1. Extending each Cα 7 Å along its Cβ direction at Leu66 and Ala48, get the distance between those two points in nm, one decimal.
2. Expected output is a single nm value to one decimal: the length gained when fully extending between Asp217 and Phe203, i.e. 0.36 nm times separation in residues minus the C-alpha distance. What is it?
3. Need one number: convex hull volume per residue for the stretch 4-117, Cα atoms only, in Å³.
4. Using R₀ = 51 Å, calculate the FRET efficiency as 1/(1 + (r/R₀)^6) where r is the Cβ-Cβ separation of Glu88 and Asp19; round to 0.05.
5. Given the rule -39500 (n - 2.57) for each run of at least 4 DSSP H residues, summed and divided by the residues of the chain, what is its mean residue ellipticity at 222 nm, to the nearest 500 deg cm²/dmol?
6. At a Förster distance of 51 Å, what's the computed FRET efficiency of Phe245 paired with Tyr179, Cβ-Cβ distance as r, to 0.05?
7. Once the mean 1/r over all distinct Cα pairs of the chain is inverted, what Kirkwood radius in angstroms do you read off?
8. Report the FRET efficiency, 1/(1 + (r/R0)^6), for Glu110 and Ala256, where r is their Cβ-Cβ distance and R0 is 25 Å, rounded to 0.05.
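Read the figures in this text as sums done on the coordinates, not as results from a lab. Please read all numbers here as calculations on a predicted model, not as lab measurements. Neighbour counts are summed over all protein chains in view; Cβ atoms, including those assigned to glycine, are modelled from backbone coordinates with ideal geometry.
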Amino acid sequence: MRGFDGNKIWCHLSLKSNDKHTNREIRLSEPAKIGSFMELVPFVARIANHNPDFSLFYRGQPKEYLLKSGATSSYPSIFRSPGNRLTESKLKSRFKLLDDLSKQLINKLETLEIEGIDKLKKFQELQWSLLQHYKVCDTPLLDITHSLRVAASFALNGSSKDGIIYIYALPHPQGTITYSTEDELLNVRLLSASPFEALRPHFQEGYLVGTFPKRIDRKQSSHDVAVRLIAKIQINIHTFWDNNFKAIPEDALYPANDRIHDACKDLKTKNGL
């Protein structure tokens, strides 16, 4: 995945000075502090207005994850190895498991006679998307969303501390899978990729982003989605939601009676995950 090649970007730091900043400066900076959802929307709208060549996507987390340098990091799960070096053999082992589970997923959905999986069977990236979104195994894709409210809910639900929202600038989506050869990334619109019985992506407005073409020989800095980061925002646990704007409850983000969730849960049990 390519970043912005040293070009300066209008970001959360620009709201005070109107100066643009490099991605490295953005990743090393302190997050902007926002007290309410009502305050967040125009804040993000202004950033979007100054970046018309990109679509903005969001990720909400209970806390920041930083590299040793102090820079924000957003590696997909298959490339994470907290406190340890990710060896070539370990990475290959993870991709081998991912390939095995991708095949098992298709077999499972066919056995259950799940409707609308023709496209899923053709594209490995779509199989990865379901495995990632339903937390079956590590994948080279990172969950993001087009919804600020969804991102904020993930950042604060079940937390006792302020949350973090990351904003990534990506090429404008074009169909179910956007392959960008210039930016060396792919973006999957999970709503289009999923069978209609996959309820979770519809409530989460889910997308997934990763590096294209895939590289599995070793972990690289280009796998870090934070190379597309243009803003990070700290949202206040005590004041963010109000009577006009409430968090999306977890039982809505993770709806019951989701047949794809049940199928993925069976895969995890079968493989001891």
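1. Inter-label distance under the simple model: 3.0 nm.
2. 1.5 nm
3. 201 Å³
4. For Glu88 and Asp19, the calculated efficiency is 0.80.
5. Details: 11 runs with 97 residues, N = 273.
Calculated mean residue ellipticity at 222 nm is -10000 deg cm²/dmol.
6. That pair, Phe245 with Tyr179, gives E of 0.90.
7. By the Kirkwood definition, the hydrodynamic radius is 19.3 Å.
8. 0.55
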